[in-house]
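Any read-out appearing in this document is the output of simple, stated calculations on the displayed coordinates, not a laboratory observation. Values in this document were obtained by computation on a predicted structure and should not be read as measured data.
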Ligand code: G3P
Ligand code: CA
């Protein structure tokens with residue numbers, strides 16, 4: 001497929017930058033997304049959660065402690081859950097310094113900002129609904145936000161994934177061009193039900209076997225394995241027949257796909 005297009009059975013292996021090029025830039029920031037495209041990723045992966053005032057933000061952990069200076073800025077707001085701070089409060093945080101001085105001043109992006117930056121970068125997007133069970137109305141808000149973006153609303157270069165599979169149903173029904181993917185490793189009997197509203201499964205690479213890849217493909221679903229950062233494991237997964245590889249190091253994957 002063209003860069004950023006969804007994988008097709010038997011097509012080339014798709015490169016997905018996990019939280020952006022997160023080995024080299026602070027995860028889930030606009031800097032990390034831009035770098036992913038420059039390193040040859042086809043698709044940019046990111047995690048969506050919801051603030052206290054119901055705004056959509058891109059951040060992985062349920063708390064802001066690991067990837068921002070929240071402890072210093074709001075010492076009284078312990079344990080610093082994303083859902084306990086407003087967007088205005090979150091926007092004051094530095095989401096880059098923890099990673100390195102070069103990235104001082106990077107902010108946690110809103111979903112709308114991330115959609116614009118990733119579209120500008122030219123990659124596709126793999127959007128994870130992170131804990132939709134924890135955030136009432138989040139899935140509806142994600143769908144509405146995508147629908148307001150002219151470059152994503154009818155795009156088949158967008159995949160929505162979640163460990164909470166049932167939240168993929170409304171996405172499948174209301175964003176007709178988008179793909180959906182179940183995170184984890186559904187059993188054979190679960191795959192049969194899932195294929196009505198999911199196009200792919202995205203398991204942890206440590207659970208993937210050639211037999212499982214065949215099982216997924218027999219249901220006409222794609223398989224992307226996460227998160228693989230070394231060439232030996234990348235090569236092994238490719239030999240198993242995976243359709244995509246999620247990596248923190250899109251440059252390493254690009255070299256592996258080029259040279260083997
Ligand atoms: O794309 C797979 C991966 O993002 C799922 O795990 O914890 O990094 O969001 P996690
Ligand atoms: Ca994720």
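Structure summary
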{"item": "Mean separation of Cα contacts under 8 Å, 6 or more apart, over the residue count of the chain: relative contact order %", "result": "21 percent"}
{"item": "Bridge type composition, the chain - antiparallel percent by DSSP, nearest 5", "result": "15 percent"}
{"item": "Helix-only [θ]222 nm of the chain, DSSP H runs n ≥ 4, -39500 (n - 2.57) each, per residue, nearest 500", "result": "-8500 deg cm²/dmol"}
{"item": "On Cα atoms only, tilt of 250-259 relative to the major axis of the chain in degrees", "result": "20 degrees"}
{"item": "Convex hull of Cα atoms in the range 173-260, direction-averaged projection (nm²)", "result": "6.0 nm²"}
{"item": "The range 129-187 and the range 20-80: distance between their alpha carbon centers, rounded to Å", "result": "19 Å"}
{"item": "Average Cα contact separation per residue, the range 115-169, under 8 Å, 6 or more apart, as relative contact order %", "result": "46 percent"}
{"item": "Binned Cα-Cα distances of the range 167-221, short to long, each 10 Å bin given as a whole percent", "result": "24, 56, 19, 2"}
{"item": "Globularity index of the chain, i.e. its alpha-carbon radius of gyration over 2.2 N^0.38 Å", "result": "0.97"}
{"item": "Longest to shortest principal axis, alpha-carbon extents of the range 1-133, angstrom", "result": "53, 35, 20"}
{"item": "Separation between Cα centres of the range 209-226 and the range 231-249, rounded to whole Å", "result": "13 Å"}
{"item": "C-alpha long axis of helix 111-121 to longest principal axis of the chain, angle in °", "result": "60 degrees"}
{"item": "Relative contact order of the range 42-122, pairs being alpha-carbon contacts under 8 Å that are 6 or more residues apart, as %", "result": "29 percent"}
